[in-house]
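The values are calculated or read from the model by the stated rules, or taken from the named source; none is laboratory data. Since we're looking at a predicted model, the values are computed, not measured. Cβ atoms come from the backbone with ideal geometry, glycine included; neighbour counts cover every protein chain shown. Keep in mind that these areas ignore ligands, DNA and RNA; they rest on the heavy atoms of the full protein, side chains included. Shrake-Rupley method; radii C 1.70, N 1.55, O 1.52, S 1.80 Å.
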Amino acid sequence: MPANGLSVDVEEWFQVGAFERVIGRGEWDGIASRVEGNVDFLIDLFAAAGVHATFFTLGWVAERQPALMRRIIDAGHEIASHGYDHARVFTLSRRAFAEDIARARRIIEDAAGVAVKGYRAPSFSIDARNPWAFEELAAQGYAYSSSVAPVVHDHYGWPEAPRFAFRPVAGSDLVELPVTTAMLGRRRVAAGGGGFFRVLPYGFSRWAIRQVNRVDERPAMFYFHPWEIDPGQPRVGNAPLRSRLRHYTGLEAMAGKLRRLLGDFAWGRVDAVAEREVLRAEDWPVASPPARQAA
């Protein structure tokens, strides 16, 4: 059975898309941080299970929590980039995106003391509207991305994209590792973690990952957030009802479900998955080769 990719998108509870209309970026520094305690809990949880993971981290968090970044590395995990401040890629110009990923990488590398090779777009926001994002990632030397959700979704999605690893830039070794989907009949369904894992019964995720491992014979790409194991986080009463239901449902059960998941399947860092999957990635070029710099 292939080792699956285990990943954590490191952001504060108040930085999520569900609250972006009621909590502005200018308010962030005035809100009590909870990410350090939540990530420390996850480091201990992973150690108890004997697994390592990739922490896709916001530059904003790394800037304020450099000691936490070093603890992640010291525990044997990978640090990768989640952009600077959770701006979704389809809201940025190409130039702004290039500046965002360069800034976040510099901050994270300075804090963690290691090179950053991977990137995940906030809210899986690379899609048919912005394939040029892959060109920028390739030009800046990223080895892999895990930024595409190959499904139909109201907030994101690129349903035409391949379900498994692909090379999005002609002539580049950059590999995209889409978040996991399963097949329910002829329909693709999201099954890569996050809210789907938290809200749906555990049996659904176990079925989906088994299908990917045993039928497709490929690794799953699983993700969640530190705030999802934190039922004591503040409630945002003025957020829309739908946003509150999405954000707060299932928090109490999340840690227990994660323990089951870690015991039921083999898990590893995303960079290790990328090294294996690049050898079998399909060519699906949606972007031009990165421009060569003059000697």
Quiz item: For the charge dipole of the chain, defined by +1 on Lys and Arg C-beta atoms and -1 on Asp and Glu C-beta atoms about the Cα centroid, which residue among GLY171, TRP284, VAL39 has the Cα displaced farthest towards the positive pole?
Solution: TRP284
Quiz item: Once Lys and Arg get +1 and Asp and Glu get -1 on their Cβ, which of ALA87, ALA75, ALA102 lies farthest toward the positive end of the dipole of the range 50-111?
Solution: ALA87
Quiz prompt | For the range 205-293, the spread of Cα positions along each principal axis, largest first, Å | solution = 49, 38, 21
Quiz item: Which percentage, to the nearest 5, of the DSSP beta bridges contained in the range 1-114 is antiparallel?
Solution: 0 percent
Quiz item: How do the peptides 230-239, 126-135 rank, highest first, by the average count of neighbouring beta carbon atoms within 10 Å per residue?
Solution: 126-135, 230-239
Practice problem: Might you report the magnitude of the Cβ-based charge dipole of the range 1-153 about its Cα centre, with Lys and Arg at +1 and Asp and Glu at -1, to the nearest 20 debye? | Solution: 320 debye
Quiz item: What are the residues whose amide H is under 5 Å from the amide H of GLY193, where those residues sit 5 or more places off or on another chain and H is modelled from the backbone?
Solution: TYR223
Quiz prompt | Per residue value of the accessible surface for the range 157-295 (all protein chains in place, 1.4 Å probe), Å² | solution = 49 Å²
Quiz item: Mean separation of Cα pairs under 8 Å and 6+ residues apart, divided by the residue count of the range 141-248: what relative contact order is that in percent?
Solution: 19 percent
Quiz item: Over the range 17-95, what percent of the accessible surface lies on carbon and sulfur atoms, probe 1.4 Å?
Solution: 48 percent
Self-check item: THR54 long-range amide H proximity, modeled H, under 5 Å
Solution: LEU6, SER7, VAL8, GLU78, VAL270
Practice problem: Determine, for each peptide in 9-18, 253-262, 274-283, the mean count of other beta carbons within 10 angstrom over its residues, then list the peptides with the highest first. | Solution: 9-18, 253-262, 274-283
Exercise. Considering only THR180, THR57, THR91, give the residue with the highest GNM mean-square fluctuation for the chain, with springs between Cα atoms whenever their separation is below 10 Å.
Key: THR91
Exercise. Extending each Cα 7 Å along its Cβ direction at ARG260 and ARG21, get the distance between those two points in nm, one decimal.
Key: 3.4 nm
Practice problem: Which order do the peptides 63-69, 265-271 take when ranked by the mean count of other beta-carbon atoms within 10 Å per residue, highest first? | Solution: 265-271, 63-69
Quiz item: Which percent of the accessible heavy-atom area of the range 139-238 goes to carbon and sulfur, probe 1.4 angstrom?
Solution: 52 percent
Quiz prompt | Relative contact order (%) - criterion: Cα under 8 Å, at least six apart; region: the chain | solution = 26 percent
Quiz item: Under a point-charge model restricted to the Cβ atoms of Lys and Arg (+1) and Asp and Glu (-1), what is the dipole moment magnitude of the range 138-295 relative to its Cα centre, in debye to the nearest 20?
Solution: 580 debye
Quiz prompt | the range 45-129, accessible area per residue, ligands and nucleic acids excluded (1.4 Å, Å²) | solution = 36 Å²
